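J.: Got a structure here, written out as structure tokens. Questions coming.
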Amino acid sequence: MRNLDSPEWLAYERPIVAKAKAGNHRAFGSLYDAFAARLLAIYTLMLRNSAQAEDVVAETFQTGWAKIASFLSERSIFFWLRKIGKNRIVDLKRHEEIAPSVDNGWEEMLEPIELDMEGMIDLPRLQAQVHAVFAKLSESHRRALVLRYVDQLSGAECAAALAMTAGAFYTMLSRAHDAFHELWVVRAA
């Protein structure tokens, strides 16, 4: 991985940034090529959700292009772009426009699912297995999972039903998800 603060990299990057600041789309595209994958990795770690991270990368570069004239740092433009994305993530979390990656539904929680000889799911058996795992969960974990996935309430509605903040609810949901999945995998072993 290249050192973005090295004199060699900065000597390579500065003419590209100057062209982009002058309105050259192709030069800005070079910056995208150089940094998009690295930003995606960072945002995926922050969000724990690759689809949301991809959206933030796209928004980062849209904002970066719109505001490139304001870039004045002596450091690599990467750090400026990274800050744009981190600020967007903070805004999204503040306005609850994103949900934690744990909120992906039953599909993720029920891996692995056993299939019958024809590759079909034996639904009555699956339901019985889910109920057996549910019986082993704490009451608070069961309640969080039922409100979110069975009753299909939003995170804010679940939090209100449990008289807690959305952040506290998503923490509980994450723990409930982990507990369920752990019991589910043990059941399958």
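J.: Which of the residues belonging to the stretch 157-189 are modelled with pLDDT of 85 or more, assigned to a helix (DSSP H, G or I) and of a type in the set (Gly, Ala, Ser)?
T.: ALA159, ALA160, ALA161, ALA176, ALA179
J.: Further, regarding this structure: Can you name the residue in the stretch 32-45 that is over 22 Å from ALA69 (Cβ atoms) and surrounded by fewer than 16 Cβ atoms within 10 Å (Cβ to Cβ) and, of all such residues, is modelled with the highest pLDDT?
T.: In the first step, residues of the stretch 32-45 are kept if they are over 22 Å from ALA69 (Cβ atoms); the result is 37-38, 40-45.
Now restrict to residues that are surrounded by fewer than 16 Cβ atoms within 10 Å (Cβ to Cβ): 37, 41, 45.
On the way: ALA37: 89, ALA41: 85, LEU45: 77.
Here the answer is ALA37.
J.: Of the residues that sit in the stretch 137-156 and are part of a helix (DSSP H, G or I) and hydroxyl-bearing (Ser, Thr, Tyr), which one is nearest to the chain's Cα centre (by Cα)? Give the derivation first.
T.: The initial filter retains those residues of the stretch 137-156 that are part of a helix (DSSP H, G or I), namely 139-150, 155-156.
Now narrow it down to the ones that are hydroxyl-bearing (Ser, Thr, Tyr): 140, 149.
Details: SER140: 25, TYR149: 19 Å.
Step by step, filter the stretch 137-156, then rank; the result is TYR149.
J.: Continuing with this model, one more query. What are the residues in the stretch 1-59 that are in contact with a helix residue (DSSP H, G or I) (Cβ under 6 Å, 6 or more places away or on another chain) and among the polar types (S, T, N, Q), if any?
T.: Once the filter is applied, which keeps residues that are in contact with a helix residue (DSSP H, G or I) (Cβ under 6 Å, 6 or more places away or on another chain) and among the polar types (S, T, N, Q), the stretch 1-59 yields SER30, THR44, SER50.
J.: Shifting gears a bit: Any residue at all in the stretch 22-31 that is surrounded by fewer than 17 Cβ atoms within 10 Å (Cβ to Cβ), within 13 Å of the chain's Cα centre (by Cα), among the polar types (S, T, N, Q) and assigned by TED's automatic domain parsing to the domain that holds PHE71?
T.: Among the residues of the stretch 22-31, not one is surrounded by fewer than 17 Cβ atoms within 10 Å (Cβ to Cβ), within 13 Å of the chain's Cα centre (by Cα), among the polar types (S, T, N, Q) and assigned by TED's automatic domain parsing to the domain that holds PHE71, which makes the answer no.
J.: Separate question: Conditions: (1) modelled with pLDDT under 85; (2) exposed (fewer than 13 other Cβ atoms within 10 Å of the Cβ); (3) among the hydroxyl-bearing types (Ser, Thr, Tyr). SER73 meets all but one. Number of the miss?
T.: Exception for SER73: condition (1).
The values are calculated or read from the model by the stated rules, or taken from the named source; none is laboratory data. No experiment lies behind these values; they were computed from the predicted model shown. With ideal geometry, Cβ positions are generated from the backbone for all residues, glycine too; neighbour counts draw on all protein chains shown.
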